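The values are calculated or read from the model by the stated rules, or taken from the named source; none is laboratory data. Since the model is a prediction, treat every value here as computed from it, not as a measurement. Please note: Cβ atoms are built from the backbone with ideal geometry, for glycine as well, and neighbour counts cover all protein chains shown. For the accessible areas, the whole protein counts, side chains as well, though only heavy atoms, and no ligand, DNA or RNA atoms are used. Shrake-Rupley method; radii C 1.70, N 1.55, O 1.52, S 1.80 Å.
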Amino acid sequence: MAFDTIIRGGTIATASDTFSCDIGIKDGRIAALGADLGTANEIVDATGKLVLPGGIDSHVHIAQPSGPDIVMADDFASATRSAAFGGNTMVLPFAMQQKGQSLREVVTDYHRKADGQCYVDVSFHLIIADATDAVLGQELPALVHDGYTSFKVFMTYEGLALSDIEMLNVMSVARDTGALVMIHAENYDAIRFLTDRLERAGKTEPHHHATSRPIPVEREATYRAISLAELIDVPIMIVHVSNGEAMEEIRRAQQRGLKVYGETCPQYLVLTAKDMEGLNMEGTKYVCSPPPRDEASQQACWQGLQQGVFSLFSSDHCPFRYDDPKGKLVPKGRTSFRWVPNGIPGVETRLPILFSEGVGKGRITLNEFVALTATNHAKTYGLYPKKGTIAVGADADIAIWDPEREVTISQSLMHGGSDYTPYEGIKVKGWPVSTMVRGKFVVRDGQLVGTLGAGAYVTRAKSDYAKPRGAASA
Ligand code: DUC
Ligand code: ZN
Ligand code: ZN
């Protein structure tokens with residue numbers, strides 16, 4: 001067979017194996033793995049490089065409504081461009097319902113924003129903010145049937161937080177339909193109580209964002225979410241876990257045989273709450289929830305990754321511009337941390353940070369890196385084996401890495417819509433130099449060569465990870 005492309009001479013790593021061979025690509029898919037594959041329209045020399053499954057970032061926020069007069073820094077074009085430069089071939093952002101909105105309408109609107117605007121492939125999770133009878137009884141089941149097979153619920157935030165009974169109602173739809181529930185676990189009332197008290201004491205600077213939502217706020221909500229899920233035997237994914245106490249709740253649930261999964265993010269490995277102190281408004285650059293904690297929490301998050309408590313490593317990319325009245329410097333944010341937009345950019349830096357700090361420093365293996373950044377995302381969210389691995393028949397979604405390249409992370413190197421990176425100055429070794437989506441380069445040797453609109457929407461299957469325990473053992 002003549003291939004469209006052969007990637008020759010690289011070292012390939014999957015979630016299970018590392019080996020040297022060539023990759024033959026035909027019609028956007030991996031058609032052969034081996035030596036002496038014959039002819040192709042194009043031969044890509046990957047000698048000395050690592051050839052990995054393209055990263056899948058299953059937790060990003062793009063063009064999401066963020067409150068009055070606040071605008072997210074990325075649209076689909078800039079977010080997916082940034083993702084591609086960061087070695088990703090697919091991202092999963094959230095189509096967020098607001099109170100009173102029909103879910104179907106939300107999804108239609110979000111498609112309107114994404115269609116024709118992507119450099120890498122995308123698929124949407126839903127966010128359920130208004131668990132009405134119509135949503136629970138009709139819209140959500142219909143959308144799961146149509147391939148929107150995961151949704152997030154919040155235990156905090158005005159207008160988003162669900163009560164326990166609402167959580168149970170939503171979880172039961174997930175159980176009945178085979179969708180996976182993602183949970184933002186922080187106790188809303190506890191945060192409100194602490195925020196009010198801090199404001200009364202005049203402690204309103206951005207760094208008090210972290211003081212207003214300490215570890216017990218997250219630990220309690222994590223435990224409660226797990227308990228509610230256990231009541232009805234529904235699998236859950238606790239997203240953006242920041243510390244050891246919440247991680248231990250997840251570990252305990254897993255040890256009891258519950259299908260409770262965990263995700264952590266770069267900010268919990270390389271940032272701490274101290275980064276915000278003494279910075280005044282510049283502290284807003286690090287405002288995200290849950291907040292980065294301390295060094296002990298960083299160590300615990302590493303353990304969670306090393307010991308398999310966390311199966312996903314995502315960015316929680318949620319970008320706002322810093323020097324912008326519609327971003328981090330929104331006028332109301334100067335009066336209290338309460339009003340500072342929550343979230344930080346990270347889709348472009350997720351992989352180099354984990355590669356360098358994890359693989360480079362011997363904390364995780366290269367195969368674990370691939371699992372945590374690509375394969376497990378595909379398996380968890382109904383994309384495997386089409387996505388997330390290098391195997392015959394899979395989409396040719398590939399990142400080529402220079403494992404020796406040393407880079408100091410800097411905003412000047414970024415390709416997204418934000419005007420800062422919270423990871424400024426961090427030195428990494430190992431960098432994705434080329435990214436290919438379904439056999440076509442989007443980034444090649446550090447240059448954007450892809451076409452806007454070449455990234456496609458991918459409809460997802462139901463995931464085995466979402467099968468209730470009862471069903472799994474039946
Ligand atoms: N939760 C997220 O998942 N992302 C940004 C902000 C938040 O609270
Ligand atoms: Zn969240
Ligand atoms: Zn998020």
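Brief remarks on what is shown
- Across segment 120-141, the residues whose backbone nitrogen lies under 17 Å from the label position 7 Å along the beta-carbon direction of SER102 are 129-141.
- Between helix 103-114 and the chain: long-axis angle, C-alpha atoms, 0 to 90°, nearest 10: 50 degrees
- Residues listed by number, segment 13-56, amide nitrogen under 15 Å from ALA2 label point at 7 Å toward C-beta: 25-27, 38-43
- Assigned charges on the beta-carbon of Lys, Arg, Asp, Glu; segment 173-239 dipole about Cα centre (debye): 220 debye
- Kirkwood hydrodynamic radius of segment 317-474, from inverse mean 1/r over distinct Cα pairs, in Å: 18.2 Å
- Looking at segment 83-161, the GluC sites (Glu not before Pro) that sit in a DSSP loop and have at most 14 other Cβ atoms within 10 Å of their own Cβ are GLU158.
- HN-Hα J in Hz across segment 34-49 - Karplus 6.51, -1.76, 1.60, θ = phi - 60°, x for Gly and Pro: x, 9, 6, 6, x, 9, 7, 4, 9, 10, 9, 8, 10, 4, x, 10
- Computed from the C-beta positions of LYS361 and LEU413, the FRET efficiency with R₀ = 22 Å rounds to 0.55.
- Two-site label geometry, ASP27 and THR459: point separation in nm, points 7 Å out along Cα→Cβ: 1.9 nm
- Residue order for ARG460, ARG8, ARG256 - accessible surface, 1.4 angstrom probe, largest first: ARG256, ARG8, ARG460
- With bins 5 Å wide beginning at 0, the percent of Cα pairs of segment 282-381 falling in each bin runs 3, 12, 18, 20, 16, 12, 10, 7, 2, 0.
- Over 26 Å apart at the Cα level, from the set LYS274/LYS427; LYS285/LYS462; LYS259/LYS427, are LYS285/LYS462; LYS259/LYS427.
- Angle of helix 76-85 to the longest C-alpha principal axis of the chain, folded into 0 to 90 degrees and rounded to 10: 60°.
- For SER311, the amide hydrogen comes within under 5 Å of the amide hydrogens of GLY262, counting only partners 5 or more places away or on other chains and with H modelled in the peptide plane.
- Förster-model FRET efficiency, 35 Å R0, ARG256 and ALA296, C-beta, rounded to 0.05: 0.90
- Shape parameters for the chain, alpha-carbon atoms, Rg then Dmax in Å: 21.3, 73
- Normalised by the number of residues in the chain, the average gap of Cα pairs under 8 Å and 6 or more apart makes the relative contact order 22 percent.
- Degrees between helix 244-255 axis and first principal axis of the chain (Cα, 0 to 90, nearest 10): 70 degrees
- Summing charges over neighbours of ALA63, with a neighbour being any other residue whose Cβ is under 15 Å away from its Cβ, gives +1 when K and R count +1 and D and E count -1.
- Whole-percent carbon and sulfur share, accessible surface of the chain, 1.4 Å: 49 percent
- Charged neighbours of ASP22, selected by a Cβ distance under 14 Å, balance to -1 (K, R count +1; D, E count -1).
- For ALA134 and SER227, the FRET efficiency from 1/(1 + (r/R0)^6), where r spans their Cβ atoms and R0 equals 25 Å, is about 0.35.
- Bins of 5 Å, starting at 0 and running to the largest distance - Cα pair percent for segment 104-201: 3, 12, 20, 20, 16, 11, 9, 6, 3, 1, 0
- Scalar couplings 3J(HN,Hα) for segment 215-232, obtained by applying the Karplus form with A = 6.51, B = -1.76, C = 1.60 to θ = phi - 60°, are 3, x, 4, 7, 4, 4, 5, 4, 4, 5, 4, 4, 5, 5, 5, 5, 4, 10 Hz; x denotes Gly and Pro.
- DSSP bridge analysis restricted to the chain gives an antiparallel fraction near 45%, rounded to the nearest 5.
- Net charge of Cβ neighbours under 14 Å - reference GLY333; Lys, Arg +1; Asp, Glu -1: +1
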